1. I need the full set of residues from the stretch 107-137 which are within 12 Å of the chain's Cα centre (by Cα) and more than 23 Å from Arg80 (Cβ to Cβ), in order please.
2. Output the number of residues of the stretch 23-77 satisfying the condition of being aromatic (Phe, Trp, Tyr) and more than 14 Å from the chain's Cα centre (by Cα).
3. Can you pull out every residue in the stretch 85-111 that is assigned to a helix (DSSP H, G or I) and either open to solvent by less than 20 Å² (accessible area, probe 1.4 Å) or touching a residue at least 60 places away in the same chain (Cβ under 8 Å) (or both)?
4. Take the stretch 51-93 and flag every residue that is over 23 Å from Val135 (Cβ atoms) and in contact with an Asp or Glu (Cβ under 8 Å, 6 or more places away or on another chain).
5. Confirm whether Arg80 is open to solvent by 50 Å² or more (accessible area, probe 1.4 Å), at pLDDT below 95, more than 15 Å from the chain's Cα centre (by Cα) and not hydroxyl-bearing (Ser, Thr, Tyr).
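The values are calculated or read from the model by the stated rules, or taken from the named source; none is laboratory data. Everything numeric here is computed off the predicted structure, so don't read it as measured data. Cβ placement follows ideal geometry from the backbone for every residue including glycine, while neighbour counts extend to all protein chains displayed. We work out accessible area using only protein heavy atoms, side chains counted, and drop any ligands, DNA or RNA first. Shrake-Rupley method; radii C 1.70, N 1.55, O 1.52, S 1.80 Å.
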Amino acid sequence: MHQLLNSAGDTRVRTATLADWSLIEAFHRRCSDQALHRRWGRTRITRRDIERLLDQCACWIALQTTDEVVALASAGPVRREPGVFDLGLQVADVHQRRGIGLALAQHAVAHARSRGAHTLSVYAEASNLPILGLVRRLGHPTASHQEGTHLDVRVPLHGTGAQYPTTPLPARF
């Protein structure tokens, strides 16, 4: 099933499968090393990385009318934390700030809620202001903890408040 991400109809989202590997690999080649490192913690993404992601999460790709992948998103349960789903998101550098990431994140939130999630988790570098800003647009985030240069940001999905220990977010957040 394809869902349009914008009113112009030039970007659509669909579930990703391993059959999309060549499209996903080409997408990652178009992303900057900095963007790949921010999302994955390294600059080379392998087929095995995508296989693991697909095994553990629901994944979606955003495609242009040319079938060029411009974004990849994932949402899946966090191990040993019932009701908490992790959000993964990568948008090609040249397609950022167009609402694609937010639309995919909202899609992931709907998926997580439909699977009984009460909280969305995003683990990101504290300096990754684009993803932290996007998380803020999804709800009223709190940071459960900071690990070195990374934040584990949590967004309650049902408006009932967080059910885990929290620390304040950095002022620039």
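1. His107, Pro130, Ile131, Leu132, Leu134 - these are the residues of the stretch 107-137 that are within 12 Å of the chain's Cα centre (by Cα) and more than 23 Å from Arg80 (Cβ to Cβ).
2. Within the stretch 23-77, residues that are aromatic (Phe, Trp, Tyr) and more than 14 Å from the chain's Cα centre (by Cα) number 1.
3. If the condition is that a residue be assigned to a helix (DSSP H, G or I) and either open to solvent by less than 20 Å² (accessible area, probe 1.4 Å) or touching a residue at least 60 places away in the same chain (Cβ under 8 Å) (or both), then Asp93, Val94, His95, Ile100, Gly101, Ala103, Leu104, Ala105, His107, Ala108, Val109 are the ones that fit.
4. Gln64, Thr65
5. On the way: open to solvent by 50 Å² or more (accessible area, probe 1.4 Å): yes; at pLDDT below 95: yes; more than 15 Å from the chain's Cα centre (by Cα): yes; not hydroxyl-bearing (Ser, Thr, Tyr): yes.
The answer is yes for Arg80.
Listed here are the residues, each with its yes/no results for (1) in a loop (DSSP other than H, G, I, E, B); (2) crowded, with 17+ Cβ neighbours inside 10 Å.
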site: Arg113; (1), (2): no, no
site: Gly116; (1), (2): yes, no
site: Ser121; (1), (2): no, yes
site: Ser127; (1), (2): yes, no
site: Gly133; (1), (2): no, no
site: Arg136; (1), (2): no, no
site: Gln146; (1), (2): no, no
site: Asp152; (1), (2): no, yes
